[in-house]
Every structure is written in structure tokens, then in C-alpha cells.
Amino acid sequence: MSTAPGNQPGPSGPRDRDERSLGDIVGDVTQNLSALIRQEVDLAKTEMKQEVAKAGKGAGLLGGAGLAGYFTLLFLSVTLTFVLDEFVRDWIAALIVTAIWAVGAAILALSGRKAIRESNPQLPETQQTLKEDVRWAKAQKS
């Protein structure tokens, strides 16, 4: 009896799908499932690193805004001191410095808030691929 090349059973060629044993099928599913789980973990790690970096940037910008806010209060105090003490033009220079710090604080705060809002700790790509994996696993069952 002759078989077509490529459909020979055993190690010399692939077997027909119907000729695979239950052990072979379970082994293939287990191997595929293990690879799938490793890929999902890798994807989750990558996605989490990206989101943590975004949140870290936002936190750093908010920290900068806090420092700028501190300097705003410091220079505002100096400005008020000049205004109350001297009633001369020196206070104008101090007021300009205060305004510069206030603008800097506002820019940092808005940038930090935007960066934190843009971060997405829900890992949407991982969630989507996990749903696809569930559909794949159900298809393997049937």
C-alpha cells in the first residue's frame, strides 16, 4: 500500500490530523497554551512598563509644579515686603519674578495632570488578547 509523500506516519513526515493520538493532541494544546501564557505575561510586562513610565513622568511634573508653587509663595512674600516697606520701584522686579514662577507652576501642573490622565493602567491590549485566548481555547475544546 502506497501513501502520498508528506502524509507518511511517524517521524519521517507529518501525520494526517485524524491519525494523531489523544496524547499528541493534549501535548500540542498544552504546548500551545504554555507559549500563549508566556506571550501574555510578556505583553503585560511591556504594557505595564509603559504605563508606569507615563505615570512617573506625570508625578515628576507635579513635583516640579509643587517646587514652582513654593517659589511663587516665596517671591510673593518678598514682593509684599518690598511693597509694604519701600513703596518704590524695587517691588516691580520682585513682582515680575513672582509672575514668572506662577506661570511656570501653572504649566508644570497642567502638563503633569495631562500626563497622568493619559496613562491607562487597565492594559487594554492585554485584555483584548486574553479575550482572544479564551475564544481560542474554547475552539480547541470543541
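For ASN120, all conditions in the list (1) under 30 Å from LEU33 (Cα atoms); (2) part of a helix (DSSP H, G or I) hold save one; what is the number of the exception?
Among (1) under 30 Å from LEU33 (Cα atoms); (2) part of a helix (DSSP H, G or I), ASN120 violates only (2).
For the range 123-142, name all the residues that are under 14 Å from ALA35 (Cβ atoms) and either over 25 Å from the mean Cα position of the chain (by Cα) or among the basic types (Lys, Arg) (or both).
Within the range 123-142, TRP136, ALA137, GLN140 qualify.
From the list THR129, THR79, which one is touching a Ser or Thr at 6+ places or on another chain (Cβ under 8 Å) and of a type in the set (Ser, Thr, Tyr)?
Exactly one of THR129, THR79 is touching a Ser or Thr at 6+ places or on another chain (Cβ under 8 Å) and of a type in the set (Ser, Thr, Tyr), namely THR79.
Being surrounded by 14 or more Cβ atoms within 10 Å (Cβ to Cβ) and either among the aliphatic types (A, V, I, L, M) or in contact (Cβ under 8 Å) with a residue 60 or more places away in the chain (or both) is the filter here; which residues of the range 74-98 pass it?
LEU76, VAL78, LEU80, VAL83, ALA94, LEU95, VAL97
State yes or no: is PHE75 part of a helix (DSSP H, G or I) and modelled with pLDDT under 85?
So PHE75 fits the description; yes.
Search the range 108-122 for residues being in contact (Cβ under 8 Å) with a residue 24 or more places away in the chain and over 15 Å from the mean Cα position of the chain (by Cα), and hand back the single one that is surrounded by the fewest Cβ atoms within 10 Å (Cβ to Cβ).
Restricting to residues being in contact (Cβ under 8 Å) with a residue 24 or more places away in the chain and over 15 Å from the mean Cα position of the chain (by Cα), the top hit is ARG113.
The values are calculated or read from the model by the stated rules, or taken from the named source; none is laboratory data. In this text the structure is predicted, and so the values were computed from the model without any measurement. Reconstructed Cβ throughout: ideal geometry from the backbone, glycine too, with neighbour counts over all protein chains shown.
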